[in-house]
Amino acid sequence: MLKFLFALLSNSERKTLTDEEVVKEYLRTQNNYYFEILYGRYSAKIYGKCLTILKEEGLAQDATQDVMMKLLLNLSKFGGKSKFSTWVYSITYNFCIDFIRKKKKDKSQYFEDVSQFEDVVDEVDDKELLEIELDRLKIIMEQIPPDDKSILMMKYLDGMSIKEICLVINKTESAIKMQIKRAKLKFVKIHRTLYAA
Amino acid sequence: MSKNNFQQLEEQMEAKYDKASDAIKNNVTSRKGTWDLIGDLFELYIPQIFSTLIGSNTNLSKTALKKEEESDSE
């Protein structure tokens, strides 16, 4: 009976504590219980993002483990300037992008010239991206370079503001806006190439 | 932001997590255990190492002082 009450209590605490409160409590007590809460809240999301960017389940699994360890070891550096989720996702995106760069040892391919696309589409409507069929979205996302894929995920999946993306990627606002524009252009170009007519 | 297909895509990816969740959890738990152990060892032994170092240093300076006094008295 006592066990049941304790489980009930801890279950309600798990739900009511905000991420920031959990981090604070973990840092104060170093109690594994609080890390478990964060793990439960974020491990699947981190895995989903890693899988979308890295495309292989084995790599996503390894990346999720590494990101979770990175989070654990850097929890004390979370200053609360952004939402905890934004901080977690920034570590995830940066880890995946770095991983691919190291693997391919060729950064240049992610900064290819997209001026070739600019005559095809002037301005891309967000609606076009958001309402694209799920199967098509999946195929297009597999063909987009990781940098662009990540920035599109930050904007359209996580709903991050330009300022938040600046903090994640460590670039100026104008650079981020340009990168988003280029990523959208690539997205539409691939869409139109694959599904024209 | 209202629900969009990007979110649905991520939900599809997240659904694949169940398959890998046990392996990930085990690995993270064991790595965390190793870190905790290293932390505990540091916490336990670093102060002792310091106190030993300080103690031996104090002894050395005491011996040196004694020798000096002895040579002065001679």
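The values are calculated or read from the model by the stated rules, or taken from the named source; none is laboratory data. On a predicted model such as this, the values are computed, not experimentally measured, just so you know. Positions of Cβ are backbone-derived with ideal geometry, glycine not excepted, and every protein chain shown enters the neighbour counts.
For the residues A:90, A:82, the requirement of being within 18 Å of residue A:176 (Cβ to Cβ) and modelled with pLDDT of 90 or more singles out A:90. Within the range B:1-55, the set of residues being at the interface with chain A (Cβ under 7 Å from one of its Cβ atoms) and basic (Lys, Arg) comprises B:16, B:31, B:32.
Conditions tested, residue by residue: (1) under 16 Å from residue B:5 (Cβ atoms); (2) not acidic (Asp, Glu).
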| site | (1), (2) |
| --- | --- |
| A:147 | no, no |
| A:153 | yes, yes |
| A:158 | yes, no |
| A:169 | no, yes |
| A:180 | no, yes |
| A:186 | no, yes |
| A:191 | yes, yes |
| A:195 | yes, yes |
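Restricting the range A:128-140 to residues that are modelled with pLDDT of 90 or more and crowded, with 20+ Cβ neighbours inside 10 Å leaves a set whose member that is nearest to the other protein chains (Cβ to nearest Cβ) is A:137. The combined condition, being in contact with a Cys (Cβ under 8 Å, 6 or more places away or on another chain) and at pLDDT 90 or above, is not fulfilled by residue A:174. Can you tell me which residue in the range A:133-156 is nearest to residue A:196 (Cα to Cα), limited to those that are under 12 Å from the mean Cα position of the chain (by Cα) and in contact (Cβ under 8 Å) with a residue 40 or more places away in the chain? Step by step, filter the range A:133-156, then rank; the result is A:149.
Rundown of residues vs (1) closer than 23 Å to residue A:82 by Cα; (2) in a helix (DSSP H, G or I); (3) in contact (Cβ under 8 Å) with a residue 12 or more places away in the chain, yes/no style:
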residue: A:166; (1), (2), (3): yes, yes, no
residue: A:171; (1), (2), (3): yes, no, no
residue: A:175; (1), (2), (3): yes, yes, no
residue: A:179; (1), (2), (3): yes, yes, yes
residue: A:183; (1), (2), (3): no, yes, yes
residue: A:186; (1), (2), (3): no, yes, yes
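Test residue B:67 against the criterion of being within 17 Å of residue A:39 (Cβ to Cβ), without any contact (Cβ under 8 Å) to a residue 24 or more places away in the chain and assigned to a helix (DSSP H, G or I), and give yes or no. It is false that residue B:67 is within 17 Å of residue A:39 (Cβ to Cβ), without any contact (Cβ under 8 Å) to a residue 24 or more places away in the chain and assigned to a helix (DSSP H, G or I).
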